[in-house]
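As structure tokens, the structure follows; a few thoughts come after it.
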Amino acid sequence: MAQLPILEFPDARLRTVAKPVAEVTDATRRIIDDMFETMYAAPGIGLAATQVNIHQQIIVMDLSEDKSEPQVFINPSITVQGEELDSYDEGCLSVPGFYESVERPKSIKVEAIDRNGSPFIIEPEGLLAVCIQHEIDHLNGKLFVDYLSNMKRQRIRKKLEKQQRG
């Protein structure tokens, strides 16, 4: 396994739309393992392949305190199950040090494939639902800062560009 470099906003590669995974292979599972290692080391609770410059529809996630509940979502799709929204303070490994409130659908259904190539469906709630939506946004070239006002987004962009210049 290897830790992969995480792209940071405003890197244009974060805007790349990920391609579906045609077949889950050993190479796919190696990417998943590297993504978990990267996410845990960061530390984070979710990571989309786009964030590590791999433009395939792969998400890894683990919301547990002890790293005991790894979840994999390959080619995930969401169906919104109602009009009600929830607001959460979201952060992102690609936007380090910033947390902002984002509203997202409260009730969703997710269809995906696991690391063994088996399809599954879940209806997550709370933080898991938020995280899945956040990571799927990455696969679509979208970041949580896109939900913010232009002024807030530009302020974050300027601070991160300054940090990246060193």
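The values are calculated or read from the model by the stated rules, or taken from the named source; none is laboratory data. Because the structure is a prediction, the values reported are computed rather than measured. Virtual Cβ from ideal backbone geometry, glycine too; neighbours counted across all protein chains shown. These area figures cover heavy atoms from the full protein model, side chains too; ligands, DNA and RNA do not enter into them. Shrake-Rupley method; radii C 1.70, N 1.55, O 1.52, S 1.80 Å.
A few notes on this one:
- Beta bridges assigned by DSSP with both partners in the chain are antiparallel in approximately 95 percent of cases.
- Three-way shape call for the chain based on the alpha-carbon gyration tensor, with the a/c threshold at 1.5: oblate
- Where Met1, Met61 fall by accessible area, highest first, once all protein chains stay in place (1.4 Å): Met1, Met61
- Compared with the direct C-alpha span, the chain from Leu85 to Ser118 gains 8.9 nm at full extension, assuming 0.36 nm per residue.
- Contour minus Cα-Cα distance for Lys162 and Glu65 (0.36 nm per residue): 31.7 nm
- ³J(HN,Hα) computed for each position of the range 128-145 - Karplus, 6.51 cos²θ - 1.76 cosθ + 1.60, integer Hz, glycine/proline x: 4, 4, 4, 4, 4, 5, 4, 6, 5, 3, 4, 4, 9, x, 10, 10, 4, 5
- Interchain or long-range residues, amide H under 5 Å from Asp86's placed H: Arg104, Lys106
- Gaussian network model of the chain, springs between alpha carbon atoms under 10 Å - residue of Leu85, Leu143, Leu128 with greatest fluctuation: Leu85
- Every helix of 4 or more DSSP H residues in the chain counts as -39500 (n - 2.57), and over all residues that averages to -9000 deg cm²/dmol at 222 nm.
- Most mobile of Ser107, Ser77, Ser68 in a GNM of the chain (Cα contacts under 10 Å): Ser68
- Using heavy atoms of the protein chains and a probe of 1.4 Å, the accessible area assigned to Tyr147 is about 90 Å².
- Distance between the pseudo-spin-label points of Tyr99 and Asp11 (7 Å out from Cα toward the beta carbon): 2.4 nm.
- Convex hull of the range 2-54 built on C-alpha atoms - directionally averaged projected area, nm²: 3.8 nm²
- Between amide H atoms placed 1.01 Å from N, distances below 5 Å from Phe98 occur with Cys92, all of them 5 or more places distant or on a separate chain.
- Within the listed set Ile58, Ile121, Ile32, the residue fluctuating most in the Gaussian network model of the chain (springs between alpha-carbon atoms under 10 angstrom) is Ile121.
- When the C-alpha to C-alpha distance is required to be over 26 Å, the pairs from Lys106/Lys158; Lys109/Lys152; Lys142/Lys162 that qualify are Lys106/Lys158; Lys109/Lys152.
- Qualifying GluC sites (Glu not before Pro) for the range 72-152 [loop in DSSP, other Cβ within 10 Å: at most 16]: Glu83, Glu84, Glu125
- Derived scalar couplings ³J(HN,Hα) [the range 4-9; Karplus, 6.51 cos²θ - 1.76 cosθ + 1.60; whole Hz; x for Gly, Pro]: 9, x, 9, 5, 10, 3
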